[in-house]
Amino acid sequence: MRKNISVEFTNERIIPSGGLAVVGAILGKSDFVKRCNRMKIDCNHPQRQIKNGDIMLTYIGMQCMGKPSFDAVREMDDDPDFYKDALGVCYAIPSAETLRQRLDLVGGSMRRRILDENIHMLKSNGVAPSKLPCGYAPIDMDVSPFDNSKTCKEGVSRTYKGCDGYAPMFAYIGREGCLADLELREGKRRSQKGAPEFLKETIGVCRRLTDEPLLFRLDSGNDSAENIGILMENGCHFIIKRNLRKESE
(Lines give C-alpha, C1' and ligand atoms only; values in the text may rest on other atoms or scores of the structure.)
Protein backbone atom coordinates (compact mmCIF):
# COMPACT_ATOMS: atom_id res chain seq x y z
CA MET A 1 0.00 0.00 0.00
CA ARG A 2 1.46 3.32 -1.05
CA LYS A 3 1.59 6.09 1.51
CA ASN A 4 1.35 9.76 0.74
CA ILE A 5 4.42 11.81 1.58
CA SER A 6 3.72 15.18 3.13
CA VAL A 7 6.28 17.96 2.58
CA GLU A 8 6.09 20.96 4.90
CA PHE A 9 8.00 24.19 4.31
CA THR A 10 9.17 26.33 7.21
CA ASN A 11 11.18 29.45 7.89
CA GLU A 12 12.69 27.96 11.04
CA ARG A 13 16.37 27.10 11.17
CA ILE A 14 17.09 23.38 11.13
CA ILE A 15 20.43 22.69 12.79
CA PRO A 16 21.78 19.13 12.58
CA SER A 17 24.22 19.68 15.46
CA GLY A 18 21.66 20.62 18.10
CA GLY A 19 23.08 17.99 20.44
CA LEU A 20 26.10 20.22 21.03
CA ALA A 21 23.95 22.21 23.45
CA VAL A 22 24.05 19.21 25.79
CA VAL A 23 27.84 19.02 25.41
CA GLY A 24 28.16 22.71 26.25
CA ALA A 25 25.84 22.38 29.25
CA ILE A 26 27.86 19.47 30.68
CA LEU A 27 31.18 21.30 30.21
CA GLY A 28 29.66 24.47 31.64
CA LYS A 29 29.05 22.73 34.97
CA SER A 30 32.79 22.36 35.58
CA ASP A 31 35.79 24.65 36.01
CA PHE A 32 37.57 23.05 33.06
CA VAL A 33 37.32 26.12 30.82
CA LYS A 34 38.54 28.43 33.60
CA ARG A 35 41.54 26.19 34.21
CA CYS A 36 42.31 26.20 30.48
CA ASN A 37 42.24 30.00 30.43
CA ARG A 38 44.73 30.15 33.30
CA MET A 39 47.26 28.05 31.40
CA LYS A 40 50.51 29.83 30.58
CA ILE A 41 51.66 29.27 27.01
CA ASP A 42 53.68 31.22 24.46
CA CYS A 43 52.32 34.77 24.44
CA ASN A 44 53.20 35.19 20.75
CA HIS A 45 50.42 32.93 19.55
CA PRO A 46 47.95 34.39 17.02
CA GLN A 47 44.53 35.80 17.99
CA ARG A 48 45.38 36.22 21.67
CA GLN A 49 41.88 37.55 22.28
CA ILE A 50 40.61 33.98 21.81
CA LYS A 51 41.23 32.23 25.12
CA ASN A 52 42.45 28.68 25.51
CA GLY A 53 39.02 27.72 26.84
CA ASP A 54 37.38 28.74 23.56
CA ILE A 55 39.97 26.67 21.68
CA MET A 56 39.23 23.58 23.77
CA LEU A 57 35.45 24.02 23.61
CA THR A 58 35.55 24.36 19.84
CA TYR A 59 37.69 21.28 19.32
CA ILE A 60 35.68 19.18 21.77
CA GLY A 61 32.57 20.14 19.81
CA MET A 62 34.25 19.08 16.57
CA GLN A 63 35.24 15.75 18.11
CA CYS A 64 31.66 15.17 19.25
CA MET A 65 30.51 15.70 15.66
CA GLY A 66 33.11 13.20 14.44
CA LYS A 67 35.14 15.88 12.64
CA PRO A 68 38.69 15.91 14.07
CA SER A 69 40.25 17.68 11.07
CA PHE A 70 41.19 21.28 11.89
CA ASP A 71 39.81 22.45 8.55
CA ALA A 72 36.37 21.16 9.56
CA VAL A 73 36.01 24.14 11.92
CA ARG A 74 35.17 26.22 8.83
CA GLU A 75 31.78 24.50 8.76
CA MET A 76 30.92 26.44 11.93
CA ASP A 77 31.18 29.67 9.93
CA ASP A 78 27.75 28.88 8.47
CA ASP A 79 26.13 29.60 11.85
CA PRO A 80 28.75 30.91 14.30
CA ASP A 81 26.20 32.31 16.75
CA PHE A 82 24.62 28.90 17.28
CA TYR A 83 27.94 27.15 17.88
CA LYS A 84 29.10 29.88 20.25
CA ASP A 85 25.91 29.66 22.31
CA ALA A 86 25.70 25.87 22.24
CA LEU A 87 29.29 25.28 23.37
CA GLY A 88 29.64 28.31 25.62
CA VAL A 89 32.39 29.96 23.56
CA CYS A 90 33.01 33.46 24.95
CA TYR A 91 34.75 35.40 22.18
CA ALA A 92 34.66 33.70 18.79
CA ILE A 93 35.02 30.43 16.92
CA PRO A 94 38.73 30.23 16.04
CA SER A 95 40.02 29.80 12.52
CA ALA A 96 41.53 26.49 11.41
CA GLU A 97 45.00 28.04 11.54
CA THR A 98 44.55 29.37 15.08
CA LEU A 99 43.09 26.07 16.22
CA ARG A 100 46.05 24.13 14.84
CA GLN A 101 48.73 26.48 16.14
CA ARG A 102 47.25 26.82 19.63
CA LEU A 103 46.79 23.09 20.11
CA ASP A 104 50.38 22.60 18.96
CA LEU A 105 51.47 24.96 21.73
CA VAL A 106 49.31 23.22 24.32
CA GLY A 107 50.62 19.82 23.21
CA GLY A 108 50.22 17.06 25.80
CA SER A 109 50.44 19.44 28.77
CA MET A 110 46.71 19.14 29.44
CA ARG A 111 46.43 15.37 29.33
CA ARG A 112 46.32 14.98 33.11
CA ARG A 113 43.74 17.75 33.45
CA ILE A 114 41.55 16.22 30.77
CA LEU A 115 41.65 12.83 32.50
CA ASP A 116 40.69 14.46 35.80
CA GLU A 117 37.90 16.39 34.12
CA ASN A 118 36.57 13.22 32.51
CA ILE A 119 36.34 11.58 35.94
CA HIS A 120 34.64 14.65 37.40
CA MET A 121 32.18 14.81 34.49
CA LEU A 122 31.11 11.18 34.90
CA LYS A 123 30.73 11.41 38.67
CA SER A 124 28.98 14.80 38.75
CA ASN A 125 26.39 13.56 36.23
CA GLY A 126 25.65 10.41 38.22
CA VAL A 127 27.31 8.00 35.79
CA ALA A 128 28.33 4.92 37.78
CA PRO A 129 30.01 2.13 35.75
CA SER A 130 27.76 -0.92 35.90
CA LYS A 131 29.15 -4.24 37.09
CA LEU A 132 28.84 -7.76 35.74
CA PRO A 133 26.51 -10.33 37.36
CA CYS A 134 29.58 -11.70 39.16
CA GLY A 135 30.05 -8.33 40.88
CA TYR A 136 33.15 -7.14 39.01
CA ALA A 137 33.42 -3.84 37.13
CA PRO A 138 34.84 -4.75 33.68
CA ILE A 139 37.64 -2.74 32.08
CA ASP A 140 38.43 -3.48 28.43
CA MET A 141 41.86 -2.27 27.37
CA ASP A 142 43.23 -2.61 23.84
CA VAL A 143 44.90 -0.89 20.91
CA SER A 144 42.57 0.21 18.11
CA PRO A 145 44.43 1.25 14.92
CA PHE A 146 43.13 4.20 12.93
CA ASP A 147 43.28 4.44 9.16
CA ASN A 148 44.99 7.74 8.37
CA SER A 149 46.16 6.74 4.91
CA LYS A 150 47.20 9.47 2.48
CA THR A 151 47.94 11.94 5.28
CA CYS A 152 51.22 13.47 6.39
CA LYS A 153 50.38 13.83 10.08
CA GLU A 154 53.17 13.45 12.61
CA GLY A 155 53.28 9.93 14.04
CA VAL A 156 51.32 8.28 11.23
CA SER A 157 53.05 5.02 10.32
CA ARG A 158 52.30 1.41 9.38
CA THR A 159 49.98 -0.32 11.85
CA TYR A 160 49.62 -4.05 12.42
CA LYS A 161 46.34 -3.83 10.52
CA GLY A 162 48.30 -3.07 7.35
CA CYS A 163 47.24 0.56 7.00
CA ASP A 164 49.02 3.83 7.74
CA GLY A 165 47.69 5.59 10.81
CA TYR A 166 47.83 5.88 14.57
CA ALA A 167 47.48 3.05 17.07
CA PRO A 168 45.89 4.59 20.19
CA MET A 169 45.24 2.53 23.29
CA PHE A 170 41.78 2.76 24.88
CA ALA A 171 40.43 1.69 28.25
CA TYR A 172 36.67 1.44 28.77
CA ILE A 173 34.96 0.77 32.09
CA GLY A 174 31.56 -0.72 32.87
CA ARG A 175 29.13 -2.66 30.76
CA GLU A 176 28.19 0.63 29.06
CA GLY A 177 31.78 1.20 27.96
CA CYS A 178 32.52 4.63 29.43
CA LEU A 179 35.92 5.90 28.31
CA ALA A 180 38.26 5.84 31.31
CA ASP A 181 41.67 6.37 29.72
CA LEU A 182 43.25 6.97 26.33
CA GLU A 183 46.73 7.34 24.89
CA LEU A 184 47.56 8.44 21.34
CA ARG A 185 50.39 6.31 19.94
CA GLU A 186 52.33 6.02 16.70
CA GLY A 187 51.01 3.41 14.30
CA LYS A 188 54.24 1.39 14.28
CA ARG A 189 54.37 1.12 18.06
CA ARG A 190 53.94 -2.36 19.49
CA SER A 191 50.89 -2.98 21.68
CA GLN A 192 52.94 -3.81 24.76
CA LYS A 193 55.33 -0.87 24.51
CA GLY A 194 54.28 1.61 27.19
CA ALA A 195 51.36 -0.62 28.23
CA PRO A 196 52.56 -1.15 31.86
CA GLU A 197 52.59 2.61 32.52
CA PHE A 198 49.20 3.01 30.84
CA LEU A 199 47.84 0.11 32.89
CA LYS A 200 48.96 1.68 36.17
CA GLU A 201 47.37 4.99 35.19
CA THR A 202 44.13 3.27 34.18
CA ILE A 203 43.91 1.38 37.47
CA GLY A 204 44.18 4.70 39.32
CA VAL A 205 41.46 6.27 37.17
CA CYS A 206 39.10 3.32 37.61
CA ARG A 207 39.60 3.32 41.38
CA ARG A 208 38.28 6.88 41.40
CA LEU A 209 35.22 5.90 39.35
CA THR A 210 34.05 2.84 41.29
CA ASP A 211 34.54 0.97 44.55
CA GLU A 212 33.66 -2.35 42.92
CA PRO A 213 36.39 -4.97 42.28
CA LEU A 214 38.03 -4.44 38.89
CA LEU A 215 38.18 -7.06 36.14
CA PHE A 216 40.63 -6.23 33.35
CA ARG A 217 40.13 -7.92 29.98
CA LEU A 218 43.17 -7.74 27.69
CA ASP A 219 44.02 -9.12 24.25
CA SER A 220 47.00 -11.34 23.45
CA GLY A 221 49.14 -8.34 22.52
CA ASN A 222 49.29 -7.52 26.22
CA ASP A 223 49.93 -11.06 27.45
CA SER A 224 52.91 -10.06 29.57
CA ALA A 225 54.32 -11.12 32.93
CA GLU A 226 54.85 -7.45 33.75
CA ASN A 227 51.17 -6.64 33.18
CA ILE A 228 50.08 -9.62 35.26
CA GLY A 229 52.39 -8.52 38.07
CA ILE A 230 50.94 -4.99 38.06
CA LEU A 231 47.38 -6.30 38.15
CA MET A 232 48.10 -8.70 41.00
CA GLU A 233 49.96 -6.07 43.02
CA ASN A 234 46.96 -3.74 42.74
CA GLY A 235 44.42 -6.41 43.67
CA CYS A 236 42.77 -6.50 40.24
CA HIS A 237 41.17 -9.50 38.59
CA PHE A 238 42.03 -10.15 34.96
CA ILE A 239 41.36 -12.19 31.85
CA ILE A 240 44.17 -12.10 29.27
CA LYS A 241 44.11 -13.96 25.98
CA ARG A 242 47.18 -16.18 25.62
CA ASN A 243 49.81 -15.17 23.09
CA LEU A 244 50.92 -18.54 21.75
CA ARG A 245 53.62 -16.94 19.60
CA LYS A 246 55.52 -16.01 22.74
CA GLU A 247 55.49 -19.55 24.08
CA SER A 248 58.09 -22.17 23.22
CA GLU A 249 57.01 -25.52 21.91
**Prompt:** Taking segment 109-140 as the search range and keeping residues that are free of Cβ contacts under 8 Å to residues at least 60 places away in the same chain and among the charged types (D, E, K, R), which one is nearest to Gly177 (Cα to Cα)?
**Reply:** Asp116
**Asked** Looking at (1) at pLDDT 90 or above; (2) outside the structural domain of Ile203 (by TED's automatic domain parsing); (3) buried (at least 18 other Cβ atoms within 10 Å of the Cβ), which is the one condition that is false for Ala96?
**Response** (3)
**Asked** Limited to segment 66-80, what total is found for residues that are of a type in the set (Asp, Glu) and under 13 Å from Ser17 (Cα atoms)?
**Response** 3
**Message:** One residue is enough: does segment 30-42 have a residue meeting the conditions assigned by TED's automatic domain parsing to the domain that holds Ile93, closer than 13 Å to Arg102 by Cα and in contact with a Phe, Trp or Tyr (Cβ under 7 Å, 6 or more places away or on another chain)?
**Reply:** no
**Message:** I need the full set of residues from segment 141-181 which are among the hydroxyl-bearing types (Ser, Thr, Tyr), free of Cβ contacts under 8 Å to residues at least 24 places away in the same chain and crowded, with 20+ Cβ neighbours inside 10 Å, in order please.
**Reply:** Tyr166
**Subset of segment 167-183 [farther than 17 Å from Cys236 by Cα, assigned to a strand (DSSP E or B) and out of contact with any Asp or Glu (no Cβ under 9 Å at 6 or more places or on another chain)]** = Cys178, Leu179, Leu182
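From the list Lys3, Lys40, Lys34, which one is basic (Lys, Arg), surrounded by fewer than 12 Cβ atoms within 10 Å (Cβ to Cβ) and within 23 Å of Leu122 (Cβ to Cβ)?
Details: Lys3 fails: within 23 Å of Leu122 (Cβ to Cβ); Lys40 fails: within 23 Å of Leu122 (Cβ to Cβ).
Only one candidate passes the filter, namely Lys34.
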**Asked** Taking segment 75-98 only, how many residues are within 21 Å of the chain's Cα centre (by Cα) and of a type in the set (Gly, Ala, Ser)?
**Response** 3
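The values are calculated or read from the model by the stated rules, or taken from the named source; none is laboratory data. This one's a predicted model, so the numbers in the text were calculated from it and none came from an experiment. Cβ sites come from the backbone with ideal geometry, for glycine too, and all protein chains shown count toward neighbours.
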